[in-house]
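Undergrad: Mind having a look at this structure? Questions to follow.
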Amino acid sequence: MTALLQVRNLKKHYPIRQGLLNKQVGSVKSVDGLNFDIYEGETFGIVGESGCGKSTTGRSVLRLIEPTEGEVWFQGRNLMELSSKELRLLRPDMSMIFQDPYASLNPRWTVQRILEEPLQTHQSLRTSERKQHVQELMERVGLSSFQANRFPHEFSGGQRQRVGIARALALNPKFIVCDEPVSALDVSIQSQVLNLMQDLQEQSKLTYMFISHDLSVVKFLCTRVGVMYLGKMVELAPKRKLYANPLHPYTKALMSAVPVPNPKAKKERIVLTGEVPSAKNPPQGCAFHLRCPIATEHCRSVQPEWREADEEHWVACHNL
Amino acid sequence: MEPVLAVEQLETEFVTNGGVFKAVDGVSFHVHQGETLGVVGESGCGKSVTSLSIMGLLPKKIGRVKSGRIQFHGSDLLDVPEKQMRSIRGNRIAMIFQEPMTSLNPVFRIGDQLAEAIQLHMKLKRKEAMRHAVEMLRKVGIPHPESVAQEYPHQLSGGMRQRVMIAMAMSCNPEVLIADEPTTALDVTIQAQILDLMRQLQEEEKTSILLITHDLGVVAEMCHRVVVMYAGQVVEEADVDTLFESPQHPYTQGLLSSLPQLAGEQDRLESIPGTVPSPLNMPPGCRFAPRCKYRVEACEQVQPGLTDMGGGHRCRCLLVEKGVAR
C-alpha cells in the first residue's frame, strides 16, 4: 500500500500571552508530535475526547491553520514548505467536510452558489457547464437538482450535511478530512450519511481522514484508527486489531465506557477517575498517568516511546 | 403499586407564525418509585416538550398544554396553582438539563446557587443551607467541595458542572428526577462517571427517574422501561429487555438496526429513508407511514391506536393491531 499522506512530528502550539507587553508566558500544546501515514483509498480514523487535539490535527494537515512544526507529505510534496500559490494549486486535491452543517454553509447563498464557488475559483467553465456540474453533484449525494435554488435553512440537518459533502466533492478531490461529519445528526439520518460516504468512497476512490468522538461510528467506517489523548497519539492500529485487542489503558477505558445498546450485555467497565488535564500544562512523563489504573513511578517521569508492539499496531505505553 | 407520576393523554401545542401545531399529541406514561423510565426519540419528537409540560416550564405565550392530566400523588399538576407548583418544582420534582453551562447562573458562586434552592425549599438558615450544599457537592463526587462552592460556573469543567446540576437537583431529595439528555454534552469517560453517579443516588434515595435521551446505549444501561416517541406520539412502550429483544414498531426496529455497533462486523448500515415530518404538515394516517417499509394503503389514511400486547408492551402500528405478519 502506498501512503497518500505522511505526517511527521506534527505540532501545533498556541502561545499564551499575558501582561502589559503581551509577553508569551507559556503555550497550549494542542497537537504535540504526531507521526502517521494515511494510505491511498483508506479511511483513517482519529478518535479522542474533546480537547485532545483531533480537530486541530485535521486542520493542520490541510494547512487551514499553520502548524508550529512538522512535515506533511502529500503526493510527494511537503505541504509545509509550499508557498500559498503552490498550495492553492494543490487545494482541489484535498478538501474538508465540517461538523456543523448549520454553521458551515452561508445562509445567504443558494445551494447552487455554494456548490459553484469552488468551481469558479479553480476551473474556468461556462455557466451552463457549471450548472450541469452542480446538478450532477447534487444527484451524487442524493439531493434533487430542483433544490439547487433553495437556501440552506430550507433543508433538514441531514440534507444540509449532504450539501456539505457535495461541496467537498466539487473538485474531485483525492483526500477529504471529515471532522465529526455525523455527530450533529439523529441516528436514523446518521446511518444514511455514513452509507453515502461509503458509497462515494467506492465510486471515486477517495481517501478519508475521519475525525470523531464516537467509537462505534469510527469502527463502522474506518480501516485504521488512531487514538489521541492530550495532543498525542497513544495507539494506532488496523480497526480489527484495535477493537479486538486494545493495548493502551486509555483505549481500553474509552471502549469500556461506551454504552452498548443491549441491556443484557454484561461488561466490565473501567471508570476513569478525574478528567483530562489541561493542555496548558500537561503532566510530566506519560500524559495519561494521572488517570491511568496501571501507572507506575516510571510513568510519572518518563514519556513513553511510540513503538510498534505488534505488526502495524503502534502504542505509547511503558507497561505492556 | 400506584405510580409516582402519571402523564395521561397530554397534548401540548405551540402558537407560531406558521400556525398552531401540536408538539405533543396524546402522550401517556407513568413512573413507579425507584424506577428509571427512558423516553427516547430523535430531535423534534416532543420528548423535551413533554418534560417541560410536566415541570410547568413551557415558554409563556407561545406554548400551552391543551388537554390531558399529569398526576402526581393524586393531584393534577396542571390544576395546581403556580404558588403551590413552586413548592413542588425543584423540591419534589427536580430537573437536570442538557447544557449545564446555560442552566447555571454565570455570575453567582456555585455554593450560593445551591444554597438558594435548599434555603427556599427546606426552610433552613443560610449557614445550614450552605453546609448542606457543600455536603451535596461531596456526595456527587466533587473533590474539595468547600473550595468549589466558592467558585463560579466557568471555572469548572463540563463534567463538574453537570455534577453540580445533579447536586442541585438532588439537594431536596426529590421523588421524581427528570433528566433531559444529561450526558449528551459530555465525553464518554465522563458520561460513564455521571451515569454511575445517577444510579448510585437512585439506589440510595429510591428516586424515580425520567431519563430523556436519544442515545439507545444509555437507555439500555440505565432504564427499566422505555417509551419510544415519534412526531409527538408514543409509538412503543415496553420494558427494556423486551424493547431491545423484540421491538415491534417499524420505527423502533429501524432505529435499533441503524446503529453502528461496537461489537461485531457491519459492512453496511440499515437506514430509515426520508426525514421526520414537519409538525405543521403531519401525515393524516400513521405518522411514520411515509418512511415505513411495511406500509400498506390503510396506513396512510387511518391513525393507528396503541395496541396492548400484554406485559406492559404497547405499540402504535396498524399491522400489529390487525395481527398482520410482516
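The values are calculated or read from the model by the stated rules, or taken from the named source; none is laboratory data. None of the values given here were measured: they were computed from a predicted structure. Using ideal geometry, Cβ is built from the backbone for each residue, glycine included, and neighbour counts are taken over all protein chains shown. Note: accessible area is taken over every heavy atom of the protein model, side chains too, but ligands, DNA and RNA are not part of it. Shrake-Rupley method; radii C 1.70, N 1.55, O 1.52, S 1.80 Å.
Undergrad: Assess whether A:Pro246 counts as being part of a loop (DSSP other than H, G, I, E, B), within 13 Å of chain B (Cβ to nearest Cβ), free of Cβ contacts under 8 Å to residues at least 40 places away in the same chain and under 23 Å from the mean Cα position of the chain (by Cα).
TA: Details: part of a loop (DSSP other than H, G, I, E, B): yes; within 13 Å of chain B (Cβ to nearest Cβ): yes; free of Cβ contacts under 8 Å to residues at least 40 places away in the same chain: yes; under 23 Å from the mean Cα position of the chain (by Cα): yes.
Yes, satisfied.
Undergrad: Which of the residues belonging to segment B:276-326 are surrounded by 15 or more Cβ atoms within 10 Å (Cβ to Cβ), without any contact (Cβ under 8 Å) to a residue 12 or more places away in the chain and more than 30 Å from A:Phe155 (Cβ to Cβ)?
TA: Within segment B:276-326, no residue meets the criteria.
Undergrad: Residues that are under 16 Å from the mean Cα position of the chain (by Cα) and either at negative phi or surrounded by 15 or more Cβ atoms within 10 Å (Cβ to Cβ) (or both): does segment B:67-75 have at least one?
TA: Yes, segment B:67-75 has at least one match.
Undergrad: Can I ask one more? I'd like the residue in segment A:267-292 that is within 11 Å of chain B (Cβ to nearest Cβ) and closer than 19 Å to B:Gln261 by Cβ and, out of all such residues, is modelled with the highest pLDDT.
TA: The first filter runs over segment A:267-292 and keeps only residues within 11 Å of chain B (Cβ to nearest Cβ), leaving A:267, A:269-278, A:291.
Going one step further and asking which of them are closer than 19 Å to B:Gln261 by Cβ, we end up with A:267, A:269.
Values: A:Lys267: 70, A:Arg269: 80.
For segment A:267-292, the residue satisfying everything is A:Arg269.
Undergrad: What residue, among those in segment B:227-253 that are in contact (Cβ under 8 Å) with a residue 24 or more places away in the chain and more than 12 Å from B:Cys315 (Cβ to Cβ), is surrounded by the fewest Cβ atoms within 10 Å (Cβ to Cβ)?
TA: Once the filter is applied, the top-ranked residue is B:Asp239.
Undergrad: Looking at segment B:268-317 only, could you name the residues that are within 14 Å of chain A (Cβ to nearest Cβ), over 24 Å from the mean Cα position of the chain (by Cα) and not acidic (Asp, Glu)?
TA: B:Arg268, B:Leu269, B:Ser271, B:Pro273, B:Gly274, B:Asn281, B:Pro290, B:Arg291, B:Cys292, B:Lys293
Undergrad: Output the number of residues of segment A:194-243 satisfying the condition of being assigned to a loop (DSSP other than H, G, I, E, B) and hydroxyl-bearing (Ser, Thr, Tyr).
TA: So in segment A:194-243, the residues assigned to a loop (DSSP other than H, G, I, E, B) come out as A:205-206, A:213-214, A:222-223, A:230-231.
With hydroxyl-bearing (Ser, Thr, Tyr) added as a condition, the list becomes A:223.
Total satisfying the criteria: 1.
Undergrad: Here's another thing I want to ask about it. Exactly one of (1) under 27 Å from A:Met255 (Cβ atoms); (2) more than 14 Å from every other protein chain (Cβ to nearest Cβ) is unmet by A:Ser183. Its number?
TA: Exception for A:Ser183: condition (2).
Undergrad: Quick one: what pairs do we get from segment B:168-186, first residue touching a residue at least 24 places away in the same chain (Cβ under 8 Å), second of a type in the set (A, V, I, L, M) and assigned to a loop (DSSP other than H, G, I, E, B), C-beta under 7 Å, 6+ apart or different chains?
TA: As it stands, the answer is B:Glu175/B:Val4; B:Val176/B:Val4, since those pairs meet every condition given.
Undergrad: Consider B:Val176 carefully, then state whether it is within 14 Å of another protein chain (Cβ to nearest Cβ), open to solvent by less than 20 Å² (accessible area, probe 1.4 Å) and within 30 Å of A:Pro259 (Cβ to Cβ).
TA: Numbers: within 14 Å of another protein chain (Cβ to nearest Cβ): no; open to solvent by less than 20 Å² (accessible area, probe 1.4 Å): yes; within 30 Å of A:Pro259 (Cβ to Cβ): yes.
Answer is no for this residue.
Undergrad: With the structure loaded, tell me whether A:Glu312 is surrounded by 19 or more Cβ atoms within 10 Å (Cβ to Cβ), in contact (Cβ under 8 Å) with a residue 40 or more places away in the chain and more than 14 Å from every other protein chain (Cβ to nearest Cβ) or whether it fails that test.
TA: Working: surrounded by 19 or more Cβ atoms within 10 Å (Cβ to Cβ): no; in contact (Cβ under 8 Å) with a residue 40 or more places away in the chain: yes; more than 14 Å from every other protein chain (Cβ to nearest Cβ): yes.
For A:Glu312, the condition - surrounded by 19 or more Cβ atoms within 10 Å (Cβ to Cβ), in contact (Cβ under 8 Å) with a residue 40 or more places away in the chain and more than 14 Å from every other protein chain (Cβ to nearest Cβ) - is not met.
Undergrad: Something else about it: If you check A:Val276, A:Val187, A:Val217, which single one turns out to be aliphatic (A, V, I, L, M), surrounded by 18 or more Cβ atoms within 10 Å (Cβ to Cβ) and in contact with a Pro (Cβ under 8 Å, 6 or more places away or on another chain)?
TA: Numbers: A:Val276 fails: in contact with a Pro (Cβ under 8 Å, 6 or more places away or on another chain); A:Val187 fails: in contact with a Pro (Cβ under 8 Å, 6 or more places away or on another chain).
Only one candidate qualifies: A:Val217.
Undergrad: I'd like the full set of residues that are touching a strand residue (DSSP E or B) at 6+ places or on another chain (Cβ under 6 Å) and within 14 Å of another protein chain (Cβ to nearest Cβ), limited to segment B:179-199. Steps first, answer last, please.
TA: Restricting attention to segment B:179-199, the residues satisfying the condition of being touching a strand residue (DSSP E or B) at 6+ places or on another chain (Cβ under 6 Å) are B:179-182.
The answer is B:Glu181, B:Pro182.
Undergrad: Let me ask something additional. Scan segment B:98-153 for residues that are part of a helix (DSSP H, G or I), more than 29 Å from B:Thr213 (Cβ to Cβ) and open to solvent by less than 70 Å² (accessible area, probe 1.4 Å) and report the count.
TA: Residues in segment B:98-153 being part of a helix (DSSP H, G or I), more than 29 Å from B:Thr213 (Cβ to Cβ) and open to solvent by less than 70 Å² (accessible area, probe 1.4 Å): 9 in total.
Undergrad: Let me confirm something: among A:Val217, A:Val260, A:Val225, which residue is of a type in the set (A, V, I, L, M), in contact with a Lys or Arg (Cβ under 8 Å, 6 or more places away or on another chain) and within 8 Å of chain B (Cβ to nearest Cβ)?
TA: Working: A:Val217 fails: in contact with a Lys or Arg (Cβ under 8 Å, 6 or more places away or on another chain); A:Val225 fails: within 8 Å of chain B (Cβ to nearest Cβ).
Answer to the selection: A:Val260.
Undergrad: While we're here: Could you run through segment B:248-267 and say how many residues are in contact with a Phe, Trp or Tyr (Cβ under 8 Å, 6 or more places away or on another chain) and more than 8 Å from chain A (Cβ to nearest Cβ)?
TA: So the count comes out to 3.
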